[in-house]
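The values are calculated or read from the model by the stated rules, or taken from the named source; none is laboratory data. Model, not experiment: these values are computed from the prediction. Quick reminder, even Gly has a Cβ in these numbers, built from the backbone with ideal geometry, and neighbours come from all protein chains shown. Side chains included, ligands, DNA and RNA excluded: accessible areas come from the protein's heavy atoms. Shrake-Rupley method; radii C 1.70, N 1.55, O 1.52, S 1.80 Å.
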Amino acid sequence: MLIREKIYMDRDGLIKNGPITIVAFGDSVTHGAFAEGEFDYESVYWNRLRKKITEVRSYVPVNVINAGIGGITAEDSVGRMDRQVLSHNPDLIIICFGLNDVNGPLETFLSALKVIFEKSLASGAEVIYMTPNMLNTYVAEDTSEKHLEYAKTTADMQNNGRFDKYMSAAVSLSEKMGVKVCNCYLKWKEMSKTQDVTKLLANRINHPIREMHQLFADSLFEIIFE
């Protein structure tokens, strides 16, 4: 049963099918990381999405499992899918990887995503691949000193088209496999034409500020209730 249908269940439907369960599966952005050493689970996109869904109708509970881990890749996450994602019998699995995967081979990223998509689709859940935000485009003055070298690397990967290539390939794979795409990266690229997107990153590298998590939540909501 799709979430847009399940949200209108009556008491008998709730007894039979249980509440809406969403698993957010990803890296530090899903984990809830913002500035250096700062985590905020109220402001993260999946919590904002949960609130938006309950505004449609408050009777059916919406539970979100946070399966995001800072610094992790899709490849490192394949082995934790059964116990951290599929064991919850989710109605929806939101998959968001790429920010760390760009440091490794593209083929490794796509191979892991393929397995994640296959296992997610086989579970019978709704599956959405949400492309992440852009990386920084320059090294900001207020970047943490211990991350200055990495900020140079990420800026180069953003500016030389490497991250574009990874996102394009991930979207193509999603579409080929029948996975819905919530292309937030494309929206960030559009914003970058008129805004300093590095200033929209709380750690000035790859963690969006709180307000930008609303973009993720709104975009996901549109996909779910389209």
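Miscellaneous remarks
- Summed over segment 60-76, the residues that are assigned to a loop (DSSP other than H, G, I, E, B) and either open to solvent by less than 40 Å² (accessible area, probe 1.4 Å) or farther than 30 Å from D10 by Cβ (or both) give a count of 6.
- Flag for T198 being open to solvent by 30 Å² or more (accessible area, probe 1.4 Å), farther than 17 Å from T54 by Cα and either at pLDDT 95 or above or polar (S, T, N, Q) (or both): no
- Test: residue in segment 134-148 that is within 19 Å of S28 (Cβ to Cβ), basic (K, R) and open to solvent by 60 Å² or more (accessible area, probe 1.4 Å): yes
- Of everything in segment 7-23 that is outside any loop (DSSP other than H, G, I, E, B) and either open to solvent by 10 Å² or more (accessible area, probe 1.4 Å) or out of contact with any strand residue (DSSP E or B) (no Cβ under 6 Å at 6 or more places or on another chain) (or both), the residue that is nearest to Q84 (Cα to Cα) is T21.
- Residue in segment 42-59 that is surrounded by fewer than 22 Cβ atoms within 10 Å (Cβ to Cβ), in contact (Cβ under 8 Å) with a residue 12 or more places away in the chain, in contact with a helix residue (DSSP H, G or I) (Cβ under 6 Å, 6 or more places away or on another chain) and of a type outside the set (S, T, Y) present: yes
- Count of segment 105-142 residues which are among the β-branched types (V, I, T) and either in a loop (DSSP other than H, G, I, E, B) or within 27 Å of I209 (Cα to Cα) (or both): 5
- Scan of segment 29-41 for residues that are out of contact with any Asp or Glu (no Cβ under 7 Å at 6 or more places or on another chain) and either open to solvent by less than 10 Å² (accessible area, probe 1.4 Å) or part of a loop (DSSP other than H, G, I, E, B) (or both), ordered by number: V29, T30, A33, A35, E36, G37, E38, D40, Y41
- Residue within segment 155-175 that is more than 15 Å from the chain's Cα centre (by Cα), closer than 20 Å to V44 by Cβ and open to solvent by less than 60 Å² (accessible area, probe 1.4 Å) present: no
- Restricting segment 85-104 to residues that are of a type outside the set (V, I, T) and in a helix (DSSP H, G or I) leaves a set whose member that is least open to solvent (accessible area, probe 1.4 Å) is D101.
- Which listed residue, of M157, M191, M130, M134, is out of contact with any Ser or Thr (no Cβ under 8 Å at 6 or more places or on another chain) and closer than 22 Å to G68 by Cβ: M157
- For L220: the one exception among (1) buried (at least 20 other Cβ atoms within 10 Å of the Cβ); (2) in a strand (DSSP E or B); (3) aliphatic (A, V, I, L, M): (2)
- For segment 143-158, a residue qualifies if it is part of a loop (DSSP other than H, G, I, E, B) and either touching an Asp or Glu at 6+ places or on another chain (Cβ under 9 Å) or under 19 Å from L186 (Cα atoms) (or both), and exactly one does: S144.
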